[in-house]
Amino acid sequence: FNFSSTAMFIVAAAGGVVLKHGNRGITSKSGGADVLEALGVRIDLPPEGFRKCIREAGVGFLFAPNYHPAFKAVAPIRKELAGRGVRTIFNIIGPLMNPARPECQLVGVFAREFCPAFAEILQRLGRDSAWAVHGSVSGGRVIDEVSLMGPTRICKAGAYQDLEDEEISPEDFGFARVDPEELRGGDAKVNAAILEAILEGRETGPKRDMVLLNSGAALACAGLADHIGDGIELSREVVASGAALDRLRRLQKAAV
């Protein structure tokens, strides 16, 4: 399921301006671009269209192939290699190449040992606050999100702080660990329906909790919450009020 693509509407509703940089699914059925497209959002907007989305919705999507032609050129071979379980240099540099250069940035990292380097690179790129997260899954598997299935390593750095390295668990925030199957999504159409159900308050199970955990981390990274726990509570509030759903509706109207 597309957790970060759902969390971005919560972050925007809580006062953030979200500059989402993403692509179609390479290692999954549905990437951020795919699910937004299924929601009726035009993903390949020119810069002025992106700026309109920011003004009207507080959320904008930067489609990687528009800004980095090399990504488009290598997409077929990346997908083929991903099918064999092979990662490429683009898995490493992609999260670091947001062309909007946000002041604060949270990125998922596929290898635990890369977390400190990612945080320090983003610090050197001028981020006021940079978090690199790497989640654990039962059975030795991993996820490039804050995990509801096991511990998450978070490395933090920024203009005003040296590198910090910590580990959190779902239980720290009152969540129970879940099985990966409980978080599994589907294709873009299925994931779009789940995303709307979460923002409408109809989906209140583990997928919703995983979104809240990630939006809470993003709000803390951006300084909109003092810590992840506060960010989770703020996330609950903006979902319950309908404010997060409103951000989705605004983006759907603006990104045409």
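The values are calculated or read from the model by the stated rules, or taken from the named source; none is laboratory data. Predicted, not measured: the structure shown is a model, and the values here were computed from it. When we count neighbours, we look across all protein chains shown, and the Cβ atoms used for this are built from the backbone with ideal geometry, even at glycine.
Between 25, 32, which is at pLDDT below 95 and under 18 Å from residue 215 (Cα atoms)? Working first, answer last.
Details: 25 fails: under 18 Å from residue 215 (Cα atoms).
After applying the criteria, what remains is 32.
Exactly one residue among 171, 164 is touching a strand residue (DSSP E or B) at 6+ places or on another chain (Cβ under 6 Å), modelled with pLDDT of 95 or more, within 22 Å of residue 230 (Cα to Cα) and surrounded by fewer than 17 Cβ atoms within 10 Å (Cβ to Cβ), and that residue is 164. Residues in region 40-76 that are over 24 Å from residue 245 (Cα atoms), under 20 Å from the mean Cα position of the chain (by Cα) and among the small types (Gly, Ala, Ser): 64 alone. When each of 177, 236 is tested for being charged (D, E, K, R), farther than 21 Å from residue 53 by Cβ, part of a loop (DSSP other than H, G, I, E, B) and touching a residue at least 24 places away in the same chain (Cβ under 8 Å), the lone residue that passes is 177.
Table: residues versus (1) of a type in the set (S, T, N, Q); (2) crowded, with 20+ Cβ neighbours inside 10 Å; (3) in contact with a Phe, Trp or Tyr (Cβ under 6 Å, 6 or more places away or on another chain).
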{"site": "56", "(1), (2), (3)": "no, no, no"}
{"site": "74", "(1), (2), (3)": "no, no, no"}
{"site": "79", "(1), (2), (3)": "no, no, no"}
{"site": "106", "(1), (2), (3)": "no, yes, yes"}
{"site": "130", "(1), (2), (3)": "no, yes, no"}
{"site": "137", "(1), (2), (3)": "no, no, no"}
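Scanning region 214-256 for residues that are closer than 13 Å to residue 6 by Cα and touching a strand residue (DSSP E or B) at 6+ places or on another chain (Cβ under 9 Å), we see that the one that is surrounded by the most Cβ atoms within 10 Å (Cβ to Cβ) is 214.
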